Amino acid sequence: MDRLTRVQVIVIGVLVCLIVGVGMFFLLVRPKMQQYKEVSAKLEERKAVAAEIDQARADLEKAKLENLQARLDYRRYEETKMPAISFNDRTAGMIALWRERAEVLGPLVEKWPRRFGVELRNDISVPAAPTNPNAMTADLLEIPLGQMTVTGTYQAILNHLRGWNKFNRLVRVDPPTLTGPSPTMTATYNLTVLIFPRGGLGPNVAIAGEATAQPGAGGAPGMMPAPGAGVPPPMPGGPGGLEGPPPAAGPGAAPMDAPPPPAP
Amino acid sequence: MLSINLIPPSYFEQQRVRRLLQLFGGLLALVVAGMLAAMFFFITQTNKANEELAQVEPVAQEVERLKSEASNLRNEVGPIQARIKFIEETMDYNVAIIPVLEELAKYTYKKITYGRVALSEDRGTLTIDGWAPSIVDAGRYLMNLYRAKHLFSSVAFSGVPGYRTGAAGQQGGGGDQVSSFLQGTQLGFSFTATCRLVKPLTAPAPPGGAGGGAAAGAAGGAPGAAPVPGAGPDAYIPPPPQQQ
């Protein structure tokens, strides 16, 4: 020690202080500092989230209201514009669709124009419904009724066009072609009936000749649905399905007691 | 008086070295103490932050739960809202032509008679076949149509006769009509006005794509085949309305 000079002591002292300081900083202080930073950042983030509690509560209430409003709106449309057709039970749904097409829709459409003082000049024909219950879908059904030709005054024709929105089925009326001078004008347009089936899609039905049915598809091949089986209620929570009993079909809707099914 | 320091310089050098050693020893202790203090400071702060975090966390979790619930409610009702939107758009589409026809009536000169008014297949062009009693009336009518800028983005007019050239460009009976007009045996002439709508009518798209799909279901499809999503049994996309 006695041999050390001042310069050597200064150099060694400075180096030792630096090494110890830097070493302690990196080994002891820095990890704790980083830990603190992480916790602090997380705290800030969570505080920001927690600060939204009132907004989140209000948003939830709004979402509940929107949900309820949408369901009510859709229910209103279902009650006023959709027949009670559901493919939760495919066979019953298919038969309800047959009735809708064969017995209900045609007369309804034929009678409608007279309410507005126009005369329907063509016969209504509704295409036949499909016969394979397994080909049903819960998506939108479009039933083209072809071209409609009505005659009447200009105003009556416009009223008649407006009136389709009050019809108890949802229809799409393509823009008409007007011919002839008033008061005996003729309007020609395409009419399509649009139906949203209620509820979801039930299991496939076992059909004779088909290789296999899906599990739980309704029993043995060739099994008939129970006579008198009605259209099942809409699936709660399913697309288009609302809680509660199925709304009554619009005027003219067929009773949904299923007739004896066709022989398989 | 002369004083002489007989102590050897090495003695003082050792003293200075000793002092320096003490100084650096103190400095080192200060560094160590400072680092330890910093470490404990951050430990304390971290603990405080953790305690605060523990208090905030349940509230934040509650907020997340509320948000998730709201999101679920909205997702759940999404398909229903899509259907409602489609229904309402369809009902709007059904009557969309009526304001156009009513506006057209306002801009129609009283002496003009319409024979046929039809919308094109793309539902963007209104074709009007009519009859004008004179060239002046047709001109007034055309000027009116030109003024209906909120209704039509462009107007084309055909059928105006020239001098002994009226039949040119006319097809079918139009030529005879213009000839008789020129000869004074018939008053007026037929015309066709083709007006491009500012807002073409657009049929709403079914929710979730093409809606029903082709009418494969009517034929039954392949026995045992599961329904193709989006391909309805009886759904049918009709062709655009045919022009007569």
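The values are calculated or read from the model by the stated rules, or taken from the named source; none is laboratory data. Quick caveat, the model's predicted, so the values are computed rather than measured. Note: ideal-geometry Cβ built from the backbone for every residue, glycine included; neighbour counts use all protein chains shown.
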Out of all the residues in the range B:60-82, is one or more under 30 Å from A:ASP174 (Cβ atoms) and more than 7 Å from every other protein chain (Cβ to nearest Cβ)?
yes
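Can B:ALA37 be described as more than 7 Å from chain A (Cβ to nearest Cβ), farther than 30 Å from A:LYS32 by Cβ and assigned to a helix (DSSP H, G or I)? Steps first, answer last, please.
On the way: more than 7 Å from chain A (Cβ to nearest Cβ): yes; farther than 30 Å from A:LYS32 by Cβ: no; assigned to a helix (DSSP H, G or I): yes.
So B:ALA37 fails the test.
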Of the residues B:ASN72, B:ASN50, only one is more than 44 Å from the chain's Cα centre (by Cα), assigned to a helix (DSSP H, G or I) and either of a type in the set (Lys, Arg) or farther than 30 Å from B:ASN144 by Cβ (or both); which?
B:ASN50
Please go through (1) touching a Phe, Trp or Tyr at 6+ places or on another chain (Cβ under 9 Å); (2) surrounded by fewer than 18 Cβ atoms within 10 Å (Cβ to Cβ) for B:GLY162 and return the number of the only condition it doesn't satisfy.
(1)
Just to be sure before I move on: is A:MET33 free of Cβ contacts under 8 Å to residues at least 60 places away in the same chain, crowded, with 19+ Cβ neighbours inside 10 Å, within 56 Å of the chain's Cα centre (by Cα) and part of a helix (DSSP H, G or I) in the structure I sent?
no
So which of A:GLU45, A:GLU78, A:GLU61 is under 20 Å from the mean Cα position of the chain (by Cα) and closer than 26 Å to B:LEU73 by Cβ?
A:GLU78
Only one of (1) free of Cβ contacts under 8 Å to residues at least 40 places away in the same chain; (2) within 22 Å of B:ALA205 (Cα to Cα) does not apply to A:TRP164, and that is (1)
Look at the range A:180-202 and say how many of its residues are more than 7 Å from every other protein chain (Cβ to nearest Cβ) and either touching a residue at least 40 places away in the same chain (Cβ under 8 Å) or not in a loop (DSSP other than H, G, I, E, B) (or both).
12
Any hit, the range B:130-148, residues being exposed (fewer than 15 other Cβ atoms within 10 Å of the Cβ), under 24 Å from A:TYR189 (Cβ atoms) and either free of Cβ contacts under 8 Å to residues at least 60 places away in the same chain or touching a Phe, Trp or Tyr at 6+ places or on another chain (Cβ under 8 Å) (or both)
no
Those residues of the range B:2-54 which are among the charged types (D, E, K, R) and exposed (fewer than 15 other Cβ atoms within 10 Å of the Cβ) amount to B:GLU13, B:ARG16, B:ARG18, B:ARG19, B:LYS48, B:GLU51
Within the range B:102-122, which residues are facing chain A (nearest Cβ under 9 Å), touching a helix residue (DSSP H, G or I) at 6+ places or on another chain (Cβ under 8 Å) and either crowded, with 18+ Cβ neighbours inside 10 Å or within 24 Å of B:GLY208 (Cα to Cα) (or both)?
B:VAL117, B:LEU119
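Okay, residues lined up against (1) within 14 Å of another protein chain (Cβ to nearest Cβ); (2) modelled with pLDDT under 90:
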| residue | (1), (2) |
| --- | --- |
| A:LYS111 | no, no |
| A:PHE116 | yes, no |
| A:LEU120 | no, no |
| A:ILE124 | no, yes |
| A:ALA129 | yes, yes |
| A:ALA138 | yes, yes |
| A:LEU141 | yes, no |
| A:MET148 | yes, no |
